[in-house]
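The values are calculated or read from the model by the stated rules, or taken from the named source; none is laboratory data. Here the structure is a predicted model, which means the values were calculated and not measured. Note that each Cβ is placed from the backbone with ideal geometry, even for glycine, and that neighbours are counted across all protein chains shown.
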Amino acid sequence: MLKRKIETYLCDWKSTDCKKPLVIKGVRQCGKTYIVKKFAHENYENVVYMNFILEPDKKAAFSGSLDVETIILNLSALIPGSRFVEGKTCIILDEIQECKEARTALKSFKIDGRFDVIATGSLLGVEGYGRRKVKDKYEREDSVPVGYETIVEMYPLDFEEFLWANGIGANVIDTVKSCYENERVVADGVHKVMMDLLYRYIIVGGLPEVVNCFLATKNVELIYEKQRALIEEYKEDMVKYADDSDKPHIRECFESIPRQLAKENKKFQYSVVKKSGRASHYSGSLQWLEDAGIAKRCYNTTITELPLSGNSIMDCFKVYTTDIGLLMGMLDYGTQSDILAGNLRGYKGAIFENLMADFLCKSGQSLYYFQKDSGLEIDFLVRLKGECVVVEVKAKSGKAKSMSTVLKNKGVYHVENGIKLGQYNVGREGNVLTLPLYMGFLIKDKVSDPIIPDIDFSQLTS
């Protein structure tokens, strides 16, 4: 069984007074159904489960009146043996995007308050995308009960969860975190194991079915077959949810990602998708891929300053897969062995940049980079300890000329610190912190809620 961080969130949610129904959204096959059913059966006396894709007849429970008494009566008839006991029953509405009436009914369940309700669904369906297209954008349907539900996004396994799955204990991970926070060298034995596991994470990724295949077989060919099968399922979603006119464009955009990242200048170019391709043809398709949780845009910025979102250039971006395993499944078979053997050449930079994008995406961060026409380029910009920090990712090791330029010209770029990830141990060279590649998952801002001080009204004079 794979241990997931969202289990802690579910426990906290259950213990909350006056909780709202919980909606867990996420990319296909990230483990939503498994983890919700496991949690419910471990924490409730009664679990009432329905899957609106596999059991379309259950939609009938939400036809007509949506008051809770009527819904419970309908479910009791449709699900023999189901029990509804106040405070002791969890109702699971799986694939809720297939039944918009069930989504609307979450308001009734919140107002009633007798039963805990957890809904799961694909990112597209939960947000209502793919259902109604207006001017190349997908709008959310009116059935969403705004204010009466709590929405949380679930991702494929991140690197820390992958370490748990491989038997790495909290003591080892805490040691690595301490070395990062205190800029202390990681012991050689731990460092080697962590690097080995990182390369395995690159070829496997975090989709639970693929991770389980890796743990059971350690067979690269079977892992690749699982990845390819899941990619085909994503392509089926493109046909199922997308507007007819967008279906071929979405697939073309998706299939172009490896080619986009192979370029020296990795900026996403519509002409790479298709000769003479234009933004007017494909911008909605890219939005679809983001809304589906499959890909993520990394925006160029006008300057290396906070706020990064405010300084971003909306029509200048790179595109990465949100899970590194997806990219590996899109590449030729044999690339996995090349990574393990260290035989990759030019493409290795793309893979390790996508690895960092995976780390940042799964910690809930947006992606930004910095590039100028002069050729100066910084792989990633992050907010860290309240300042803009430049991050360079190296497959092995090497100089980071652009980072050096930015840090030497503080009056122009206003950046004080940089992080260089590669085949290093922890170290510091002036204002550049060097980190091993596996510490990329630790780069995130720990933001504490600021307290607004009281105003001293005694200073006012009439």
Total residues in region 368-392, condition closer than 26 Å to LEU207 by Cβ and either in contact with a Pro (Cβ under 8 Å, 6 or more places away or on another chain) or surrounded by 22 or more Cβ atoms within 10 Å (Cβ to Cβ) (or both): 5
Restricting region 12-29 to residues that are closer than 12 Å to VAL152 by Cβ and charged (D, E, K, R), the residue that is nearest to the chain's Cα centre (by Cα): LYS25
Taking region 231-263 only, how many residues are at pLDDT 90 or above and not in a helix (DSSP H, G or I)? 1
Residues that are at pLDDT 95 or above and at positive phi: does region 168-191 have at least one? yes
Of these, ALA40, ALA77, ALA102, which one is modelled with pLDDT of 95 or more and over 30 Å from ILE294 (Cα atoms)? ALA77
Search region 269-296 for residues that are modelled with pLDDT of 90 or more and pair each with any residue that is charged (D, E, K, R) and in a loop (DSSP other than H, G, I, E, B) when their beta-carbon atoms are under 7 Å apart and the residues are at least 6 apart or on different chains. TYR270/ARG278; SER285/ASP246; TRP288/ASP246
Give the residue, chosen from ILE451, ILE455, ILE419, that is within 30 Å of the chain's Cα centre (by Cα) and not assigned by TED's automatic domain parsing to the domain that holds LEU197. ILE451
Report whether or not GLU264 is surrounded by fewer than 22 Cβ atoms within 10 Å (Cβ to Cβ) and more than 30 Å from VAL412 (Cα to Cα). no
Looking only at region 284-312, how many residues end up being surrounded by fewer than 16 Cβ atoms within 10 Å (Cβ to Cβ) and of a type in the set (Gly, Ala, Ser)? 2
Top-ranked residue of region 414-432 - restricted to ones that are buried (at least 21 other Cβ atoms within 10 Å of the Cβ) and of a type outside the set (Lys, Arg), ranked as farthest from SER178 (Cα to Cα): VAL415
Being outside any loop (DSSP other than H, G, I, E, B) and either farther than 17 Å from SER122 by Cβ or not assigned by TED's automatic domain parsing to the domain that holds LEU73 (or both) is the filter here; which residues of region 84-104 pass it? THR89, CYS90, ILE91, GLU101, THR104
If you check every pair at least six apart or on different chains, which have Cβ atoms under 6 Å apart with a residue in region 61-77 that is assigned by TED's automatic domain parsing to the domain that holds GLY113 first and a residue that is surrounded by fewer than 13 Cβ atoms within 10 Å (Cβ to Cβ) second? none
Can you find even one residue in region 335-347 that is surrounded by fewer than 24 Cβ atoms within 10 Å (Cβ to Cβ), in the same structural domain as GLU264 (by TED's automatic domain parsing), within 17 Å of the chain's Cα centre (by Cα) and more than 21 Å from ARG228 (Cα to Cα)? no
Hey, can you tell me all the residues within region 214-229 that are surrounded by fewer than 21 Cβ atoms within 10 Å (Cβ to Cβ) and either among the acidic types (Asp, Glu) or under 16 Å from ILE324 (Cα atoms) (or both)? VAL220, GLU221, GLU225, ARG228, ALA229
Only one of ILE455, ILE443 that is exposed (fewer than 14 other Cβ atoms within 10 Å of the Cβ) and among the β-branched types (Val, Ile, Thr): ILE455
Cβ-Cβ distance below 9 Å, separation of 6 or more or different chains: which pairs start in region 78-92 with a residue that is among the basic types (Lys, Arg) and end on one that is part of a loop (DSSP other than H, G, I, E, B) and surrounded by 15 or more Cβ atoms within 10 Å (Cβ to Cβ)? LYS88/TYR44; LYS88/PHE115
Just name the residue that is surrounded by the fewest Cβ atoms within 10 Å (Cβ to Cβ) out of those in region 105-120 that are outside any strand (DSSP E or B) and in contact with a Leu (Cβ under 6 Å, 6 or more places away or on another chain). SER108
Look at region 275-305 and say how many of its residues are basic (Lys, Arg), touching a helix residue (DSSP H, G or I) at 6+ places or on another chain (Cβ under 9 Å) and assigned to a loop (DSSP other than H, G, I, E, B). 1
